[in-house]
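*Asks:* Next up is a structure, given as C-alpha cells.
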Amino acid sequence: MRILLVIDMQNDFLEGALRNEEGIKIIPNVINKINEYKKNNDIIIATRDTHQANYLGTQEGKNLPVEHCIEGTEGWEINDEVKAALGNALVFDKPTFGSVDLASYLYDEYNGIEKELEIELVGVCTDICVISNALLIKANLPEAQISLDASCCAGVTVDSHKAAINAMRSCQIKIKGE
C-alpha cells in the first residue's frame, strides 16, 4: 500500500509571506507526483500549516516574526494548481511543524500492516515541516518504508535542504530524486 504525503504546499510558502524560489520550482514535480499516485489509486494526504491571529505571540512567532499561513487567508490556502491535483485528498491542518494528528491517524489506520506500507513525502520546507513529519511518522510506524523525493521538496535554503536530507537518511528514510 502506498501513501503520498504532500506537506504544506501553501501560497505563503511559495509566493507569499515566506516566498521561496526553490519551492516555486518544485510545483510541477509535486503535481506530477500527485498524478502518479492518483493514477495508481494510491492514498494521498496533504498538510496545511495553520496559524491563528495571535501567531506573533506564540513561540514560533517570536522566533520567526513573519505572519504566515493564518487560517482563512489566501496565504493559508494550498497553491491552486496543487489543490486542483489533490482533488478530494484528506487534509490535516497543523499548528506546528509536524502533525501529531497525521502521525496518530497513520498509526491508528495502519499499525499492524506497517511492513506493507510505503509512505513518500514531498513538499516544503524540507528542513522544517517535511523532516518533522517524516520523523514523527518514522517514530509511529518504524517498520514502514518511508521515503522522500528530493526533486519534489524545497528547504528554506539549498544548504538547509541538503542538511535535512542527510539527517533523514541517517534516520533510515530513503531519499529519491537527488
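*Asks:* May I ask you to verify whether I128 is more than 13 Å from A46 (Cβ to Cβ), in contact (Cβ under 8 Å) with a residue 40 or more places away in the chain and open to solvent by 50 Å² or more (accessible area, probe 1.4 Å)?
*Replies:* No; evaluated as a whole, the condition is false for this residue.
*Asks:* Given the conditions (1) touching a Pro at 6+ places or on another chain (Cβ under 8 Å); (2) open to solvent by 70 Å² or more (accessible area, probe 1.4 Å), report the number of the one that T50 does not fulfil.
*Replies:* Of everything listed in (1) touching a Pro at 6+ places or on another chain (Cβ under 8 Å); (2) open to solvent by 70 Å² or more (accessible area, probe 1.4 Å), T50 misses just condition (2).
*Asks:* Moving to a separate point now. Of the numbered conditions (1) without any contact (Cβ under 8 Å) to a residue 40 or more places away in the chain; (2) surrounded by fewer than 15 Cβ atoms within 10 Å (Cβ to Cβ); (3) among the aliphatic types (A, V, I, L, M), I70 fails exactly one; give the number of that condition.
*Replies:* Unmet for I70, out of (1) without any contact (Cβ under 8 Å) to a residue 40 or more places away in the chain; (2) surrounded by fewer than 15 Cβ atoms within 10 Å (Cβ to Cβ); (3) among the aliphatic types (A, V, I, L, M): (2).
So that you can scan it fast, the table gives a plain yes or no per residue for (1) outside any helix (DSSP H, G or I); (2) closer than 16 Å to L148 by Cβ:
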position: V6; (1), (2): yes, yes
position: A17; (1), (2): yes, no
position: I34; (1), (2): no, yes
position: G61; (1), (2): no, no
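*Asks:* Right, another one. Among the residues of the range 143-154, is any open to solvent by 60 Å² or more (accessible area, probe 1.4 Å) and not hydrophobic (A, V, I, L, M, F, W, C)?
*Replies:* The answer is yes, given that some residue of the range 143-154 is open to solvent by 60 Å² or more (accessible area, probe 1.4 Å) and not hydrophobic (A, V, I, L, M, F, W, C).
*Asks:* From (1) in contact with a Leu (Cβ under 9 Å, 6 or more places away or on another chain); (2) in a strand (DSSP E or B), pick out the condition that doesn't hold for L136.
*Replies:* Just one mismatch for L136, condition (2).
*Asks:* Looking at the range 67-108, which of the residues that are aliphatic (A, V, I, L, M) and part of a helix (DSSP H, G or I) is farthest from the chain's Cα centre (by Cα)?
*Replies:* If we take residues in the range 67-108 being aliphatic (A, V, I, L, M) and part of a helix (DSSP H, G or I), then A84 is farthest from the chain's Cα centre (by Cα).
*Asks:* Can A17 be described as in contact (Cβ under 8 Å) with a residue 12 or more places away in the chain and exposed (fewer than 12 other Cβ atoms within 10 Å of the Cβ)?
*Replies:* no
*Asks:* With the structure loaded, tell me whether I24 is crowded, with 16+ Cβ neighbours inside 10 Å, not polar (S, T, N, Q) and not in a loop (DSSP other than H, G, I, E, B) or whether it fails that test.
*Replies:* no
*Asks:* Kindly establish whether N63 is exposed (fewer than 13 other Cβ atoms within 10 Å of the Cβ), out of contact with any helix residue (DSSP H, G or I) (no Cβ under 8 Å at 6 or more places or on another chain) and in contact (Cβ under 8 Å) with a residue 12 or more places away in the chain.
*Replies:* When the stated conditions are applied, N63 does not pass them.
This table checks each residue for (1) touching a His at 6+ places or on another chain (Cβ under 8 Å); (2) modelled with pLDDT of 95 or more; (3) within 22 Å of D42 (Cα to Cα).
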residue: E71; (1), (2), (3): yes, yes, no
residue: I78; (1), (2), (3): no, yes, yes
residue: L90; (1), (2), (3): no, yes, yes
residue: L121; (1), (2), (3): no, yes, yes
residue: A167; (1), (2), (3): no, yes, no
residue: I173; (1), (2), (3): no, yes, yes
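The values are calculated or read from the model by the stated rules, or taken from the named source; none is laboratory data. Note that the coordinates shown come from a computational prediction; the quantities given were computed from them, not determined experimentally. All Cβ positions, glycine included, derive from the backbone under ideal geometry; neighbour counts span all protein chains shown. Remember, those area values only see protein heavy atoms, side chains included, never the ligands or the DNA or RNA. Shrake-Rupley method; radii C 1.70, N 1.55, O 1.52, S 1.80 Å.
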